Amino acid sequence: MSADLAGHGFTPGAGGQVFRRFSDEGDALVVEVQISDHSTTSEKVFYLNVALVLAPTWAWDRQRTGRPATALPRHVDGIWRRRLGSSGLSGDDQWRVADDNTAGEVSAQIRRHLDEIMPHLLPLLDRAVVLERPPGILGPGAWLLRAWLLAEQGPTEVLRHLLFVERPPATHNSVPTRTVWAYANRQTRATEQADAARAHDG
């Protein structure tokens with residue numbers, strides 16, 4: 001699996017259980033092996049988690065939790081998360097390895113599924129695609145990914161329309177909406193402070 005993911009541009013993290021591919025903007029696709037508590041001495045049971053971590057949500061989470069800027073995202077940090085099972089990105093399938101034969105079978109299945117889903121995953125690192133033509137793989141939560149990407153530009157009219165016109169009134173005071181709007185306003189304050197500092201230095 002490591003070699004197959006490397007062929008798709010993913011880099012393994014320490015321990016070899018987390019693989020990441022970053023875009024130029026800092027967004028990341030994460031594939032992570034999660035060992036199940038159901039594993040025994042005779043059988044290893046695990047999940048394959050897949051996630052999209054957007055740079056703005058990751059920056060917000062790091063600031064909120066106090067994690068250093070050098071920290072790397074994991075599956076749990078994704079704004080969009082799925083598990084890769086025998087039927088693709090659906091269900092909650094466990095993968096089981098008991099001996100060399102099952103290891104070979106599972107390895108072949110995983111490599112085949114990874115090759116099948118990559119054409120659907122890699123476009124998620126293209127912000128123009130997510131903003132203008134959200135792939136169906138994102139499901140009904142695609143609006144939130146668009147909102148976070150727009151929020152990097154501050155509380156613009158486009159973001160305001162998405163959050164408070166396109167979305168149902170019942171969601172206007174929801175935690176996701178308030179969090180995105182707060183981040184957008186923080187971006188504006190950060191820009192104003194940077195401009196003031198440059199003017200002072202000049």
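The values are calculated or read from the model by the stated rules, or taken from the named source; none is laboratory data. Here the structure is a predicted model, which is why all the values come from computation and not from measurement. Ideal geometry is used to build each Cβ from the backbone, glycine not excepted, and the neighbour counts take in all protein chains shown. Just so you know, the surface numbers come from the protein's heavy atoms only, side chains and all, with ligands and any DNA or RNA stripped out. Shrake-Rupley method; radii C 1.70, N 1.55, O 1.52, S 1.80 Å.
Observations
- Summed over the stretch 136-178, residues that are of a type in the set (Lys, Arg) and within 30 Å of His120 (Cβ to Cβ) total 2.
- Hits in the stretch 19-55 - residues which are hydrophobic (A, V, I, L, M, F, W, C) and over 16 Å from Trp95 (Cβ atoms): Phe22, Ala28, Leu29, Val30, Ala51, Leu52, Val53, Leu54, Ala55
- Strands (runs of 3 or more DSSP E) wholly inside the stretch 9-56 that include at least 2 residues being under 21 Å from Thr102 (Cβ atoms) and open to solvent by 20 Å² or more (accessible area, probe 1.4 Å): 28-35, 44-53
- Positions within the stretch 7-28 being hydrophobic (A, V, I, L, M, F, W, C) and in contact with a helix residue (DSSP H, G or I) (Cβ under 6 Å, 6 or more places away or on another chain), in sequence order: Phe19
- Any hit, the stretch 58-80, residues being on the phi < 0 side of the Ramachandran plot, assigned to a loop (DSSP other than H, G, I, E, B), modelled with pLDDT under 90 and surrounded by 14 or more Cβ atoms within 10 Å (Cβ to Cβ): no
- Tabulated pairs, the stretch 115-132, first without any contact (Cβ under 8 Å) to a residue 24 or more places away in the chain, second buried (at least 18 other Cβ atoms within 10 Å of the Cβ) and of a type outside the set (D, E, K, R), C-beta under 7 angstrom, 6+ apart or interchain: Val130/Leu124; Val130/Leu145; Val130/Leu149; Leu131/Leu149
- Only one entry in Gln94, Gln153, Gln109 is polar (S, T, N, Q) and either within 16 Å of the chain's Cα centre (by Cα) or modelled with pLDDT of 90 or more (or both), namely Gln153.
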